[in-house]
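Read through the structure below, which is laid out as structure tokens, and then see the notes.
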Amino acid sequence: MNRRRFLTHSAALGAGLPLGLQPSPFSWRPTHRQGVDGGRLNAEIQELRRFGGTPDGGTHRVAYSDADLGAREWVLARMREAGLRTWIDPAGNLVGELPGTEPSLPPLGVGSHIDTVPFGGSYDGTIGVLGAVEIVRSLQSAGERLQHPLHVYVFQNEEGGKTGSRLLIGAVEPGELGVQTASGYTIQEGIRRLGGNPDDLQASRLEPGALAAFVELHIEQGATLERAGIPIGVVEGIVGIRRWFVTVTGEKNHAGTTPMALRKDALVAASHLVTAIHGTALEMEGRQVATVGRMEVEPGAPNVIPGSVRFTLEIRDLSMAGIQRVFDAVREEAMAVEAETGVQVEMEPFYTSEAAPSDERLRRAFEAAAEQGGRGHLRLPSGAGHDAQSMARICPMGMVFVPSRGGISHAPEEFTPPDQITAGVEVLMGALIRADRIF
Ligand SMILES: [Zn+2]
């Protein structure tokens, strides 16, 4: 952010706010303020590729690997340079604290992750972490203090199942700690490698209200923003997910001697149902998605009419009620298929991930910050999971997206132009400053 923009930024911040949300007197000394240093930030994003960077522009830095450890040490040094008091919590998350002027207030949280999927990209997670550090430096060099303490989080093993953030909210089953990760280490071994203590995980728990609010900047990982030509995405929430095994049972029989009219072909019935699932999610109002991603046909021989088909059904929506609506419609379709074809359809749930709506006050804070910088914004759901989803269980949560070129992520081609990253960090900073007064 240049100086001129910062001045307009500061002048407009107090305008139009309801009473009680006016800036407190100690804030806003525009003459001393400096903006986010986009050059420094984007150089650091590239520098972090020293740890696990691949020649094709991607990054291979799975949690608990040597590259992950090296990157965390490097980020820890940047956090300390920025003036944060840092520690590693028992869950292995890296945390840095910037004191506030009102130490009795619960901290505001900001952050993301720096681990990647195997042979992934260089922006997913990283921009949210280095962006948060850049915000701290900007506040420091401007002599600006927030009322709330600010906690910068570098969550561990996001890509392996949001382990670090889920440990904070007590959502990890003990058995999970023994699971081997892409690094070759189990989660328990990994936590030790990071400097955490798997025997004392309870000590890292955050109870509801432990943070005043949590915000995260992330790449969109979809093409909505790029297609719309809009730089800022205000996340309405992280979608919930439910999955079922669907079993269609027909009649196995000889493929040569059984007349067409007498067949109870499980695969033909399943095909009708798959088409109906797609059509239901497509035609219903809303932005729900439904997917059949895996199918097994029994007995699976060219000369036998399929006797049974088992497939997965996954439905995602911003609300669990929305998921149920789609499922109810699918169940009606299944009954119709049963009636028409004589097969039996059973649906058995096997996975649920609760939806995490963002906080309306934080959505507005992001929008106001975007407008201050003259940047277009739109609201959109997040179809992917994020650490912010965990944090929504203990405090108001907000997320902001910047565009992903071609909608590509989890691949070396993952890319967001430097100016769009800088814009996202400025909006994140503007929202944090607003959150400091709202919560
Ligand atoms: Zn991520």
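The values are calculated or read from the model by the stated rules, or taken from the named source; none is laboratory data. All values reported here derive from a predicted model rather than from experimental measurement. Quick reminder, even Gly has a Cβ in these numbers, built from the backbone with ideal geometry, and neighbours come from all protein chains shown.
Annotation: of all residues in the stretch 87-126 being within 16 Å of the ligand (Cβ to nearest atom) and among the aliphatic types (A, V, I, L, M), the one that is surrounded by the fewest Cβ atoms within 10 Å (Cβ to Cβ) is V117. Which of the residues spanning the stretch 91-119 are under 23 Å from L201 (Cα atoms) and assigned to a loop (DSSP other than H, G, I, E, B)? Those that are under 23 Å from L201 (Cα atoms) and assigned to a loop (DSSP other than H, G, I, E, B): A91, G92, N93, P106, P107, I114, D115.
Counting only residues that are among the charged types (D, E, K, R) and within 22 Å of the chain's Cα centre (by Cα), which one in the stretch 308-338 is surrounded by the fewest Cβ atoms within 10 Å (Cβ to Cβ)? Taking the candidates together, the pick is E314. Taking every residue in the stretch 99-118 that is at pLDDT below 95 and pairing it with any residue that is surrounded by 20 or more Cβ atoms within 10 Å (Cβ to Cβ), at least 6 positions away or on another chain, the pairs with Cβ-Cβ distances below 9 Å are P103/P149. Of the residues in the stretch 128-150, at least one is assigned to a helix (DSSP H, G or I), at pLDDT 95 or above and within 11 Å of the ligand (Cβ to nearest atom). For first residues located in the stretch 144-164 and without any contact (Cβ under 8 Å) to a residue 60 or more places away in the chain, partners that are more than 16 Å from the ligand (Cβ to nearest atom) and in a strand (DSSP E or B) and lie 6+ apart or on another chain with Cβ distances below 6 Å form the pairs P149/E97. Let me confirm something: among A431, A411, A368, which residue is farther than 28 Å from F245 by Cβ, modelled with pLDDT of 95 or more and in a loop (DSSP other than H, G, I, E, B)? Only one candidate qualifies: A411. Would you be able to say whether some residue in the stretch 168-183 is in contact with a Leu (Cβ under 7 Å, 6 or more places away or on another chain) and at negative phi? The answer is yes, given that some residue of the stretch 168-183 is in contact with a Leu (Cβ under 7 Å, 6 or more places away or on another chain) and at negative phi.
Kindly evaluate L84 against the criterion of being within 18 Å of M391 (Cβ to Cβ), more than 16 Å from the ligand (Cβ to nearest atom) and either buried (at least 24 other Cβ atoms within 10 Å of the Cβ) or modelled with pLDDT of 95 or more (or both). Criteria not met by L84.
Does at least one position in the stretch 182-194 carry a residue that is within 16 Å of the ligand (Cβ to nearest atom) and either assigned to a helix (DSSP H, G or I) or surrounded by fewer than 19 Cβ atoms within 10 Å (Cβ to Cβ) (or both)? Within the stretch 182-194 (the criterion being within 16 Å of the ligand (Cβ to nearest atom) and either assigned to a helix (DSSP H, G or I) or surrounded by fewer than 19 Cβ atoms within 10 Å (Cβ to Cβ) (or both)), the answer is yes, since at least one residue qualifies. Return yes when A384 is at pLDDT 95 or above and either part of a helix (DSSP H, G or I) or within 16 Å of the ligand (Cβ to nearest atom) (or both) and no when it is not. Answer is no for this residue. Among residues of the stretch 324-347 that are at negative phi and outside the structural domain of L282 (by TED's automatic domain parsing), none has a Cβ under 8 angstrom from a residue that is of a type in the set (S, T, Y) and surrounded by 20 or more Cβ atoms within 10 Å (Cβ to Cβ) at a sequence gap of 6+ or on a separate chain.
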